[in-house]
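Participant: This is the structure I have questions about; it appears just below.
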Amino acid sequence: MGRLLRHAALALAGVVLSLAAQAQSVAFTFDDGPRLAPGPLLTPEQRNAAILATLKKQGVQAALFVTSGNGADRPAGLALARAWGEAGHAIGNHTVTHLDLNSAKVSLAQYQQEVLACDAIIRTLPGYQKWFRYTFLREGNTPDKRDGMRNFLREQGYRNAYVSLDTSDWRFDERLQEMLAADPKADLAPIKALYLSHLRQRALAYRVLSQQLQGRDIAQVMLMHHNLINALWLDDAIAQFRAMGWTIVPPAQAYADPVYQLMPDRPAAGQSLLLSMARSLGLGKFDGWERLVDDGDVEMQQLDRAAGKLSK
Ligand SMILES: [Zn+2]
């Protein structure tokens with residue numbers, strides 16, 4: 001190849017690489033489902049169907065992490081989980097009763113037993129993957145528990161189905177349910193807007209953290225929950241990510257990113273892989289870290305203020 005031509009080829013490769021680097025991707029994952037607990041506005045079946053219909057409409061392949069005690073241990077709930085697999089989504093394991101491995105009252109053996117019991121239920125479903133999502137994203141309060149689970153998952157052929165982009169959608173869902181309990185006709189526009197702005201804020205902040213820690217945009221894996229707020233507004237959430245220029249990829253594609261093979265040295269309670277990494281590197285308090293662990297407090301205060309105004 002002539003010198004000029006080679007330069008041109010290298011320049012082109014550079015352009016392609018930088019375009020690839022700009023294409024931030026994210027996979028959608030939903031924990032704690034399917035839930036059979038009744039709630040406002042929609043039945044459990046309607047909630048499940050609404051999330052699945054949105055994913056289908058938007059052409060998004062996602063993952064459901066089953067907490068079998070929430071419903072999949074009964075025929076009605078198992079049917080809801082099966083619908084995810086039949087629609088082409090991945091099915092992962094999120095224990096039976098959502099134990100906290102960081103609790104001194106929860107033993108390693110007890111936790112492992114729940115992983116196996118959930119596995120016995122979900123392994124019959126289409127879309128079944130040996131993917132384990134730690135409850136509360138907590139990997140154990142002692143080195144014995146942490147390493148015991150890591151060894152167990154390896155022996156069982158399970159992947160640690162990490163989250164990199166953690167959201168507090170559950171907090172918004174709790175608030176939404178309170179609002180609807182107090183007033184079934186409550187104006188939901190403010191909480192919807194704040195939920196979407198929360199997702200945007202977390203997405204941008206975790207993207208920055210990824211660039212700081214890995215020097216690049218990793219394929220993000222986002223945590224959401226199988227709940228009413230996503231049954232209502234997942235469509236808007238997906239549209240917002242696309243409007244931000246993000247590409248939505250299937251979870252298996254995101255997990256192919258080598259970052260998900262890492263195991264940060266320190267147990268870090270209740271956090272995403274990126275925060276866990278930051279802490280294992282001694283970067284516990286970087287710019288903006290408070291907004292990643294505030295459970296949506298800022299938005300809740302905004303809602304309180306809005307409600308206060310309305311009541312005057
Ligand atoms: Zn969970």
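The values are calculated or read from the model by the stated rules, or taken from the named source; none is laboratory data. Quick caveat: nothing in here was measured; it's all calculated off a predicted structure. Glycine gets a Cβ as well: all are built from the backbone with ideal geometry, and neighbour counts include every protein chain shown.
Participant: Any residue at all in the stretch 131-143 that's away from the ligand (no atom under 16 Å from the Cβ), at pLDDT 95 or above, within 19 Å of Ser68 (Cα to Cα) and touching a Phe, Trp or Tyr at 6+ places or on another chain (Cβ under 8 Å)?
Facilitator: no
Participant: Right, here's the next one. Within the stretch 46-67, which residues are aliphatic (A, V, I, L, M), in contact (Cβ under 8 Å) with a residue 40 or more places away in the chain and either farther than 14 Å from Leu232 by Cβ or away from the ligand (no atom under 16 Å from the Cβ) (or both)?
Facilitator: Within the stretch 46-67, Ala50, Leu55, Val60, Ala62, Ala63, Leu64, Val66 meet the criteria.
Participant: Restrict the check to the stretch 72-89 and report whether at least one residue is buried (at least 21 other Cβ atoms within 10 Å of the Cβ), within 14 Å of the ligand (Cβ to nearest atom) and closer than 18 Å to Gly33 by Cα.
Facilitator: Checked the stretch 72-89: at least one residue is buried (at least 21 other Cβ atoms within 10 Å of the Cβ), within 14 Å of the ligand (Cβ to nearest atom) and closer than 18 Å to Gly33 by Cα.
Participant: Looking at this structure, is Asn160 modelled with pLDDT of 95 or more and under 16 Å from the mean Cα position of the chain (by Cα)?
Facilitator: yes
Participant: Consider Gln113 against the criteria (1) within 16 Å of the ligand (Cβ to nearest atom); (2) modelled with pLDDT of 95 or more: it satisfies all of them except one. Which criterion is unmet?
Facilitator: Status for Gln113: all satisfied but (1).
Yes/no matrix, rows are residues, columns are (1) touching a residue at least 40 places away in the same chain (Cβ under 8 Å); (2) under 18 Å from the mean Cα position of the chain (by Cα):
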residue	(1), (2)
Leu232	yes, yes
Ala243	no, no
Ala278	yes, no
Lys285	no, no
Leu292	yes, yes
Asp304	no, no
Gly308	no, no
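Participant: Right, here's the next one. From Arg133, Arg138, Arg200, grab the single residue that is touching a strand residue (DSSP E or B) at 6+ places or on another chain (Cβ under 8 Å), under 30 Å from Gln240 (Cβ atoms) and not polar (S, T, N, Q).
Facilitator: None of the others qualify; the one that does is Arg133.
Participant: Identify, by number, the condition in (1) within 15 Å of the ligand (Cβ to nearest atom); (2) crowded, with 16+ Cβ neighbours inside 10 Å; (3) touching a residue at least 60 places away in the same chain (Cβ under 8 Å) that Arg159 doesn't meet.
Facilitator: So Arg159 meets the others, but not (1).
Participant: State yes or no: is Trp170 buried (at least 21 other Cβ atoms within 10 Å of the Cβ) and not in a loop (DSSP other than H, G, I, E, B)?
Facilitator: no
Participant: Being hydroxyl-bearing (Ser, Thr, Tyr), surrounded by 14 or more Cβ atoms within 10 Å (Cβ to Cβ) and at pLDDT 95 or above is true for just one of Thr29, Thr43. Which residue is that?
Facilitator: Result of the check over Thr29, Thr43: Thr29.
Participant: Moving on. Listed residues Arg150, Arg146; which is out of contact with any Phe, Trp or Tyr (no Cβ under 8 Å at 6 or more places or on another chain), surrounded by fewer than 16 Cβ atoms within 10 Å (Cβ to Cβ) and closer than 25 Å to Gln271 by Cβ?
Facilitator: Arg150
Participant: May I pose another question? Only residues that are hydroxyl-bearing (Ser, Thr, Tyr) and more than 12 Å from the ligand (Cβ to nearest atom): list them for the stretch 29-45, please.
Facilitator: Thr43, the sole residue that qualifies.
Participant: Taking Lys192 as the residue in question, decide whether it is touching a Phe, Trp or Tyr at 6+ places or on another chain (Cβ under 7 Å), of a type in the set (D, E, K, R) and either on the phi < 0 side of the Ramachandran plot or without any contact (Cβ under 8 Å) to a residue 60 or more places away in the chain (or both).
Facilitator: Criteria met by Lys192.
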